[in-house]
Every structure is written in structure tokens, then in C-alpha cells.
Amino acid sequence: MPTEDLNTQNFEAIEQVPDKGINLSAQSGNQKKKIILILSGALVLILLLVLVIVGSNNRVLILPTPTPEPIPTPTPFVETIASPSAYATDSAVLKIGDDINDLENQLQNIDLKDNYLLPPAINLDINFNPN
């Protein structure tokens, strides 16, 4: 490699290498062909997809008719009357029931606004002056 000073170099004396060159017109033609092929392939795929969708929409779906199922009949309810408790006729239990009913009647009829239930009125004379 030459170690010459850059200011003294003569660029005209450099041997010209023949340019193998890149033929841009040939490459651009190949690129155009590739783009056209890709676009036409995509167009064909889109057309096939549209045809499949349209073809599937024209089909008539025949649904099977459901077979009727038998309607279940309810089981009849038979009411059995149970025998009353042994305490249902006992005089002590009946007396307690009567006492409870009397107490409920007294509570319903009580007057809660009686004057004897009010607190007494307290009026105290309170002075803070030492007179």
C-alpha cells in the first residue's frame, strides 16, 4: 500500500477498472416480473376465497326435526293426616296457650302515652353567682 501524502496524489493516474456494471434495467425488469407474479397470485387466492365463501352461503342447511318427547305426568300427592300430639289435649298445655293469648291481647291494648309514664318535670334554680 502506498504511503503517499494525500495532497500529492494524482487521481487521474489511477488505472480505470472496467465496470462490470450492474444492469439496472435488467434487474428492474426482473423485479417488476416478481411483483406482477406475487400480485397475480394474491389475486387468484382472494378470488378462490371469495368463491368458497359465496359457495358455502348458498347451501341450505336442513336441520333434523326433533322427535317429541313424552310429557311427564306429575305424581299425585296423597295427604296423610297425622295424629295429634299427646300434649294437644293436655289441660296444662291448653292453659299455657290461653295465658299467652291473654298476654298478647294486653300488650296490644296497652296505652304507652299515660301520664304516669312521663318523667317528672325538674326545675332547679341553679346560680353560679356567689350572691
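The selection criterion, being assigned to a helix (DSSP H, G or I), over 55 Å from the mean Cα position of the chain (by Cα) and at pLDDT below 85, holds for Tyr116.
Taken over the range 64-79, the residue count meeting the criterion of being of a type in the set (Ser, Thr, Tyr) and under 38 Å from the mean Cα position of the chain (by Cα) is 2. Taking the criterion of being surrounded by fewer than 10 Cβ atoms within 10 Å (Cβ to Cβ) and either in contact with a Cys (Cβ under 8 Å, 6 or more places away or on another chain) or at pLDDT 85 or above (or both), the only residue of the range 46-65 that qualifies is Thr65.
Residue by residue through the range 89-113, note down the ones that are exposed (fewer than 10 other Cβ atoms within 10 Å of the Cβ) and assigned to a loop (DSSP other than H, G, I, E, B). Listed by number, the residues that qualify are Thr89, Ile110, Asp111, Leu112, Lys113.
When you check Pro84 against the structure, is it at pLDDT 75 or above, within 48 Å of the chain's Cα centre (by Cα) and exposed (fewer than 10 other Cβ atoms within 10 Å of the Cβ), yes or no? Answer is no for this residue.
The values are calculated or read from the model by the stated rules, or taken from the named source; none is laboratory data. No experiment lies behind these values; they were computed from the predicted model shown. In this analysis, Cβ positions are derived from the backbone assuming ideal geometry, glycine residues included, and neighbour counts consider all displayed protein chains.
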